[in-house]
Amino acid sequence: MHDTSLAPVQRFCGFRTCVAEFAPYGVRATYDHLVRSARIPADLDRDPDALVRAVEELHAAREVWRAAHAGWVVARRAQKAAGVRVPDPPEPRRRLWCPDPEFHPAGPLPAVMRQILCAPAGDLTRCPVCAEDRGTKVWHDGFTEHTLCGGCGVSLFGRVTEPAHGLVAARAERWRSVWRRQV
C-alpha cells in the first residue's frame, strides 16, 4: 500500500486484500466505508494517497482489536491452566455484521472498533454502536431478512427466508457497481 513504485491498480489490489483479512463490518460494508471515508476515486491516478488514507484507517482499527485480543489471550491462557474449559469472558468480537454494504456506521473505524469490542455475543437487543434506540429497519439480502439498527445499519438479528431470485440479482448488480466505485 505504501510502495509508490507500484501502479495504483496494484496497490488497490493490496487494499482489497487488507479488507478481506480484517473487516469489522463484513467485507462489503467495510470496503464501502473505507472507499467513502478515504474518498477513493474510480480513477486511482487522480488521488493515489486515498489508498494510504484507507489502509491507515483500517490498520488503526485492527490495532485497537489486537490490543484487546492480546489481553484476552493472556487471561485465557491462565484460565486454561486452571482447567476452565469455557472462556469467560468470551473472545472479543472482531466485527459487527452490516449486511447492507451501503448502510454502516459513519464514524472512524478505530472509534467504532472500541464499541464493537464491548458488544455482547449472539443476537443483539440494542445497537452497541449507537448506544441508544434509534429504531430498526428491515433489509432483505435475498436469503435472510435482517433487522438492522435504524441509525447505523448493524444487524441486530436475522431470519432465514426463501430465496427471492429477483432481489438476489438486483443486490448482486448493485454490489458490482459499489465494488467498481461507480456509485
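Within the range 155-177, restricting attention to residues that are modelled with pLDDT under 85 and hydrophobic (A, V, I, L, M, F, W, C), the residue that is surrounded by the fewest Cβ atoms within 10 Å (Cβ to Cβ) is 169.
Scanning the range 18-36 for residues that are open to solvent by less than 80 Å² (accessible area, probe 1.4 Å) and assigned to a helix (DSSP H, G or I) yields 18, 19, 20, 27, 29, 30, 31, 32, 33, 34, 35. Considering 39, 77, the condition of being at positive phi and either more than 15 Å from the chain's Cα centre (by Cα) or open to solvent by 20 Å² or more (accessible area, probe 1.4 Å) (or both) is satisfied by 39 alone. Please find, within the range 42-58, the residue that is farthest from residue 95 (Cα to Cα) out of those that are touching a residue at least 24 places away in the same chain (Cβ under 8 Å) and assigned to a helix (DSSP H, G or I). The extreme case among them is 45.
Beta carbons closer than 7 Å, at least 6 apart along the sequence or on distinct chains, pair a first residue in the range 150-172 that is within 18 Å of residue 25 (Cα to Cα) with a second that is of a type in the set (Asp, Glu) and open to solvent by less than 30 Å² (accessible area, probe 1.4 Å) for 153/100. Considering the range 1-17, the residues that are of a type outside the set (D, E, K, R) and assigned to a loop (DSSP other than H, G, I, E, B) include one that is surrounded by the fewest Cβ atoms within 10 Å (Cβ to Cβ), namely 5. A count restricted to the range 68-104 and to residues that are hydrophobic (A, V, I, L, M, F, W, C) and either modelled with pLDDT under 90 or in a loop (DSSP other than H, G, I, E, B) (or both) stands at 7.
Within the range 160-180, the residues that satisfy the criterion of being in a helix (DSSP H, G or I) and more than 26 Å from residue 123 (Cβ to Cβ) are 165, 166, 169, 170, 172, 173, 174, 176, 177, 178, 179. Going by what's in this entry, would residue 61 be described as at pLDDT 90 or above, part of a helix (DSSP H, G or I) and buried (at least 18 other Cβ atoms within 10 Å of the Cβ)? It is true that residue 61 is at pLDDT 90 or above, part of a helix (DSSP H, G or I) and buried (at least 18 other Cβ atoms within 10 Å of the Cβ).
Per the listing 87, 99, 120, the residue uniquely out of contact with any Leu (no Cβ under 6 Å at 6 or more places or on another chain) and in contact (Cβ under 8 Å) with a residue 24 or more places away in the chain is 99.
Here's the yes/no breakdown for (1) in contact (Cβ under 8 Å) with a residue 60 or more places away in the chain; (2) aliphatic (A, V, I, L, M):
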site: 9; (1), (2): no, yes
site: 40; (1), (2): yes, yes
site: 63; (1), (2): no, no
site: 69; (1), (2): no, no
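Could you grab me the full set of residues in the range 121-142 that are farther than 18 Å from residue 27 by Cα, open to solvent by 20 Å² or more (accessible area, probe 1.4 Å) and not β-branched (Val, Ile, Thr)? Selection gives 121, 122, 123, 126, 128, 130, 131, 132, 133, 134, 135, 137.
The values are calculated or read from the model by the stated rules, or taken from the named source; none is laboratory data. Only a predicted model underlies this, so the values are computations on that prediction, with no experimental measurement involved. All Cβ positions, glycine included, derive from the backbone under ideal geometry; neighbour counts span all protein chains shown. Just the protein is used for accessible areas: all its heavy atoms, side chains included, with ligands, DNA and RNA removed. Shrake-Rupley method; radii C 1.70, N 1.55, O 1.52, S 1.80 Å.
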